[in-house]
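Colleague: Have a look at the structure that comes next, please.
The values are calculated or read from the model by the stated rules, or taken from the named source; none is laboratory data. Predicted model, so just to flag it, every value in this text is computed and none were measured. Reconstructed Cβ throughout: ideal geometry from the backbone, glycine too, with neighbour counts over all protein chains shown.
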Amino acid sequence: MRPARPDGLRRTLALLVARPFFALAVVLGRVLPARWLLRLATHASRATYALFPGVRRNVLENARHVLGADSSHSDRARLARAMLASFARFIVEWVAPRCAVGAETIFERFDGREYFDAATAGGRGVVAVTLHMGNYEIPGRELAALGRDVAVVFNRERVSFLERLRSRTRREKRLDEIVIEESRFFGIDVMARLRRGGIVLIAGDQVGAPEAARFAFLDGAAAFSLWPARLARAAGAALLPSFCWRDANGALRLTIEPPIEAADRDVREVTAELVAVLASWLRRYPEQWLMVHDFWDTPGARSAA
């Protein structure tokens, strides 16, 4: 047996640490009041920044690309800690959905309703592309709970019991799952749903998705999948950038951006337009980006699950 590569060993050790931490979070999520859980998330994020140099290095690198090469270390560190705090809150909301403020009412009032209504009129399919920010899980679950034909396209989380918890929550809300790595023909399932007027949700910052290409992104370059543009063009579906973010009070909000037309256009051109919209949202709410891995176009880079 060949010895494990250092990056593989680091990931293995991280998973060994993560599993008991998440298991504890699940248990506490069932018994503690919401305000205690949110406070615990803040303390956990601070401890993670102090105790895990690999995670700290990753979020500092992400902060550098968001803020620019001329930013100071103190500014990057401040943003990196805020990113980890957002990630910790997301995990708490994952294991204890009652902590997600405004989740059930997110579709009662949201920005860009006119774009959503126009995109879904006449039975047209929708490819909704988002970022790992705020709480990206909420809109798909709540939309499915309203009776819409919705599926999320994703890769599974490495922490298996946490993934089972997420899948169970999605099933309870009637949100379907299409797993990229579990089928070579996942695109067929996606196309069938779009052609019958369904909605598919895809994270635009999911490196490792099929047919990725490099694009200029913030202060650097990163890989983005061409699949959202390709699917929208092939199915005649609307391509809608969609974002779930937190307001100043911590309540979750939803914004739908104007559709990006994919018909009869080069998929790289469409994807470049989409990437520009994603970048504009990260500039607006950089502290809400849930990216704890090195996202940029460097060897071994990975995206959040």
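Colleague: Before we move on, is Ser86 assigned to a helix (DSSP H, G or I) and among the hydroxyl-bearing types (Ser, Thr, Tyr)?
Modeller: In short, yes.
Colleague: With out of contact with any Asp or Glu (no Cβ under 9 Å at 6 or more places or on another chain) and basic (Lys, Arg) as the only criterion, which of Arg253, Arg230, Arg268 stands out?
Modeller: Arg268 is the lone residue from the list that is out of contact with any Asp or Glu (no Cβ under 9 Å at 6 or more places or on another chain) and basic (Lys, Arg).
Colleague: Among (1) farther than 29 Å from Asn62 by Cα; (2) surrounded by 21 or more Cβ atoms within 10 Å (Cβ to Cβ), there is one condition Tyr136 misses while meeting the rest; what is its number?
Modeller: If we test Tyr136 against (1) farther than 29 Å from Asn62 by Cα; (2) surrounded by 21 or more Cβ atoms within 10 Å (Cβ to Cβ), just (1) comes out false.
Colleague: Would a scan of segment 168-183 turn up a residue that is under 22 Å from Phe295 (Cβ atoms) and β-branched (Val, Ile, Thr)?
Modeller: Among the residues of segment 168-183, at least one is under 22 Å from Phe295 (Cβ atoms) and β-branched (Val, Ile, Thr), which makes the answer yes.
Colleague: Looking at segment 119-133, can you tell me whether even one residue there is buried (at least 17 other Cβ atoms within 10 Å of the Cβ), outside the structural domain of Glu163 (by TED's automatic domain parsing) and not aliphatic (A, V, I, L, M)?
Modeller: No - not one qualifying residue is present in segment 119-133.
Colleague: Moving to a separate point now. Testing Asp111 on (1) surrounded by fewer than 23 Cβ atoms within 10 Å (Cβ to Cβ); (2) in contact with an Asp or Glu (Cβ under 6 Å, 6 or more places away or on another chain); (3) under 15 Å from Cys244 (Cα atoms), one condition comes back false. Which one is that?
Modeller: (2)
Colleague: Would you please name the residue that is surrounded by the most Cβ atoms within 10 Å (Cβ to Cβ), looking only at residues in segment 217-245 that are more than 24 Å from Asp264 (Cβ to Cβ) and touching a strand residue (DSSP E or B) at 6+ places or on another chain (Cβ under 9 Å)?
Modeller: Here the residue is Phe243.
Conditions (1) of a type in the set (Ser, Thr, Tyr); (2) touching a strand residue (DSSP E or B) at 6+ places or on another chain (Cβ under 7 Å); (3) closer than 19 Å to Glu172 by Cβ, marked per residue:
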| site | (1), (2), (3) |
| --- | --- |
| Arg89 | no, no, no |
| Val95 | no, no, yes |
| Glu108 | no, no, no |
| Asp111 | no, yes, no |
| Glu114 | no, no, no |
| Ala119 | no, yes, no |
| Asn135 | no, yes, yes |
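Colleague: Taking segment 225-266 only, how many residues are farther than 22 Å from Arg196 by Cα, in contact with a Phe, Trp or Tyr (Cβ under 9 Å, 6 or more places away or on another chain) and not in a loop (DSSP other than H, G, I, E, B)?
Modeller: Total meeting the criteria: 8.
Colleague: Taking into account only those residues within segment 117-163 that are within 16 Å of the chain's Cα centre (by Cα) and of a type in the set (Ser, Thr, Tyr), which is farthest from Gly250 (Cα to Cα)?
Modeller: Thr130
Colleague: Any residue that is over 18 Å from Arg174 (Cα atoms) and among the charged types (D, E, K, R) - is there at least one of those in segment 123-130?
Modeller: yes
Colleague: Here's something else I'd like to know. Would segment 30-48 turn up any residue that is out of contact with any strand residue (DSSP E or B) (no Cβ under 7 Å at 6 or more places or on another chain), within 20 Å of Ala222 (Cβ to Cβ) and modelled with pLDDT under 90?
Modeller: Scanning segment 30-48, I find no residue that is out of contact with any strand residue (DSSP E or B) (no Cβ under 7 Å at 6 or more places or on another chain), within 20 Å of Ala222 (Cβ to Cβ) and modelled with pLDDT under 90, so the answer is no.
Colleague: If only one of Val267, Val292, Val275 is among the aliphatic types (A, V, I, L, M), within 22 Å of Gly68 (Cα to Cα) and in the same structural domain as Phe217 (by TED's automatic domain parsing), which one is it?
Modeller: Result: Val275 is the single residue among Val267, Val292, Val275 that is among the aliphatic types (A, V, I, L, M), within 22 Å of Gly68 (Cα to Cα) and in the same structural domain as Phe217 (by TED's automatic domain parsing).
Colleague: Next question, about the same structure. Say whether the condition of being more than 29 Å from Ala85 (Cα to Cα), in a helix (DSSP H, G or I) and in contact (Cβ under 8 Å) with a residue 60 or more places away in the chain is met by at least one residue in segment 195-209.
Modeller: Scanning segment 195-209 turns up at least one residue that is more than 29 Å from Ala85 (Cα to Cα), in a helix (DSSP H, G or I) and in contact (Cβ under 8 Å) with a residue 60 or more places away in the chain.
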